[in-house]
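To start, the structure under review is shown below, and the notes come after it.
The values are calculated or read from the model by the stated rules, or taken from the named source; none is laboratory data. All of these numbers come straight from a predicted model, not from anything done at the bench. Virtual Cβ from ideal backbone geometry, glycine too; neighbours counted across all protein chains shown. In case anyone asks, the SASA skips ligands and DNA or RNA and just uses the protein heavy atoms, side chains included. Shrake-Rupley method; radii C 1.70, N 1.55, O 1.52, S 1.80 Å.
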Amino acid sequence: MTGFDLDQTVPLHPLVFLEDGDEVTIGRPDVDSYGIFPGEGAELVRRLVAGDTPRQAAAWFERTYGEDVDIEDVLAGLEELDLVRKSGESVSAKAPVRFAKLGAALFSPMAWVVYAGLAGWALFLMAFDRDLRPSYHNIFFSDYYMVIQVGLFLAAIPLLFLHESFHALAGRRLGVRSRLRIGRRLYFIVLETSLDGLVAVPRRQRYLPIVAGLLADVIGIAACTIAADLTRHADGSLSGAGRFLLAVAFAALLRVIWQFFLYLRTDIYVLVSTVLGCVDLHGAARQMVRNRFRRLFGRSETDESVLHPVDRRVARWYSWLVVVGYTASLTTFVLAGAPVLYRFASGVVGRLTGDAVSTTQLLDSIVFGGVAIAQCAVLGWLMVRERVRARRDRRLHHVIV
């Protein structure tokens, strides 16, 4: 830690303060670095911002609350959060957030009318036409693995970007910056929109940016269903394009259902933890699960008292959901996913090594196998990257008490 002169004012960057119950979030929106302070701790930081020296602020704290404070420890925490200006560093200026007006337009009253109209139209079509209802049969719009796999993969890309764009734009309309990155949930590869600045926004205003991606999915499903109906043949049967659109819609519906698997830290998990006022619910749950295993084998436990009180209370039931969820996912993979992968793999190998194989089948197997290998490689890279980040970056969640 850089040494502080307790009789000199502390050079701080412009900070934001958001009160939430007995706690206050303090941070820098320009770099998305935030910490959660108890109310009295936040008042101490406000004194430093107002120009008190650390010694003066500590004396004020003792007079006001009747308790001593380790002011050097507080300063170290502020420095770790990058809230203290380093020597020669200029005062940070918050740059305007791009596409804020577009975000405001996408979630304006008129836009909500359009979204409701699309959803209502699609539901009407599904109610009166069985061909347009979601079904796993929709996935098999072609007899070729390659066409199904590549077609759905390519079609999913714009829908995934639409999902993440709605997250980002819903946040940007509030002045919150965003970043898009690739992540992993167990053995699923996902796109993630980072909206760290939401912690400095009143809680009720966070809900729309969190669920905006699900809104985009619903819009995409509705649009595909309507387009499939509009592209029918003259005799009323579904066209090839229509069958493909229904396959895309069904795949999108599966992604919506996937969002309710809270233990995979999906959008619904973020919504629930935000409503409950959690800070790092999943991390707290994992620690509790590890402690249960440690008790089972007679090993010493990690201290759960350092966890955020809300996280500790909610994690008592959420930790069991994590165990059940991961067990169900892994069991499903072993009993269903692995056999399917084996059949696909053996089929591909059989085609590549067999003699009586057509050129189309050979090409189908090569493309299918190549895409599968690429997905496994990306998953492996993400797992390695997570381990490297876990060792290098210990400041993902700051809870200063």
* Structure fact -> Around Val176 (Cβ within 10 Å, Cβ-to-Cβ, excluding Val176; K/R +1, D/E -1) the net charge comes to +2
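Put Arg204, Arg133 in order of accessible area, largest first, 1.4 Å probe: what do you get?
Arg204, Arg133
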* **Shape call, region 2-105: gyration tensor on alpha carbons, a/c limit 1.5** => oblate
* How big is the accessible area of Phe161 in square angstrom, nearest 10, if you roll a 1.4 angstrom probe over the protein chains? -> 100
* To do: Rank these by accessible area, largest first, 1.4 Å probe: Ser319, Ser305.
  => Ser305, Ser319
* For Asp7, what charge total do you get from the other residues with a beta carbon under 14 Å from its beta carbon, if Lys and Arg give +1 and Asp and Glu give -1? -> -2
* Asked: Using modelled amide H (1.01 Å from N, peptide plane; none on Pro or chain starts), what sits under 5 Å from the amide H of Ser33, excluding residues fewer than 5 places away?
  -> Arg28
* To do: Round to the nearest 10 and report in Å² the accessible area of Met288, as given by a 1.4 Å probe over the protein chains' heavy atoms.
  => 10
* Structure fact -> Under a 1.4 Å probe, counting only protein heavy atoms, Glu19 has an accessible area in Å², nearest 10, of 120
* With Cβ to Cβ distances under 14 Å as the rule, what net charge do the other residues near Arg316 carry (K, R +1; D, E -1)? -> +2
* Structure fact -> Length gained, Glu80-Val324, 0.36 nm per residue minus C-alpha separation, equals 84.2 nm
* Using a 1.4 angstrom probe on heavy atoms only, work out the carbon and sulfur share of the accessible area of region 21-76 in %. => 42
* Asked: Tell me, in nm to one decimal, what length is gained between Asp235 and Leu335 on full extension, where the rule is 0.36 nm per residue of separation less the Cα-Cα distance?
  -> 31.7 nm
* Asked: At a Förster radius of 45 Å, what calculated FRET efficiency corresponds to the Cβ-Cβ distance of Thr64 and Val272, to the nearest 0.05?
  -> 0.75
* Can you list the HN-Hα couplings for region 35-49, worked out from phi with the Karplus curve (6.51, -1.76, 1.60; θ = phi - 60°), rounded to whole Hz and with x for Gly and Pro? -> x, 10, 10, x, x, 5, x, 5, 5, 5, 5, 4, 5, 5, 5
* Asked: Using θ = phi - 60° and the Karplus curve 6.51 cos²θ - 1.76 cosθ + 1.60, what whole-Hz ³J(HN,Hα) does each residue of region 315-330 get, with Gly and Pro shown as x?
  -> 5, 4, 9, 5, 4, 5, 5, 4, 4, 5, x, 5, 5, 5, 5, 5
* Asked: On full extension of the chain, what length is gained from Val384 through Val289, given 0.36 nm per residue of separation minus the C-alpha to C-alpha distance?
  -> 31.9 nm
* Computed over region 126-246: relative contact order in percent, which uses C-alpha pairs under 8 Å that are six or more apart -> 27
* Asked: Does region 284-337 come out rounded, prolate or oblate by the C-alpha gyration tensor, with a ≥ b ≥ c the root eigenvalues, rounded set by a/c under 1.5 and, if not, prolate when a/b is larger than b/c and oblate if not?
  -> oblate
* To do: Please label the shape of region 33-167 as rounded, prolate or oblate, based on the square roots a ≥ b ≥ c of the eigenvalues of the alpha-carbon gyration tensor (a/c under 1.5 means rounded; beyond that, a/b larger than b/c means prolate, else oblate).
  => prolate
* **Accessible area, probe 1.4 Å, largest first, for residues Asp5, Asp52** => Asp5, Asp52
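Pop out the carbon and sulfur fraction of the accessible area of region 202-303 as a percent, whole number, probe 1.4 Å.
Numbers: 3020 of 4830 Å².
In region 202-303, the share of accessible area belonging to carbon and sulfur is 63 percent.
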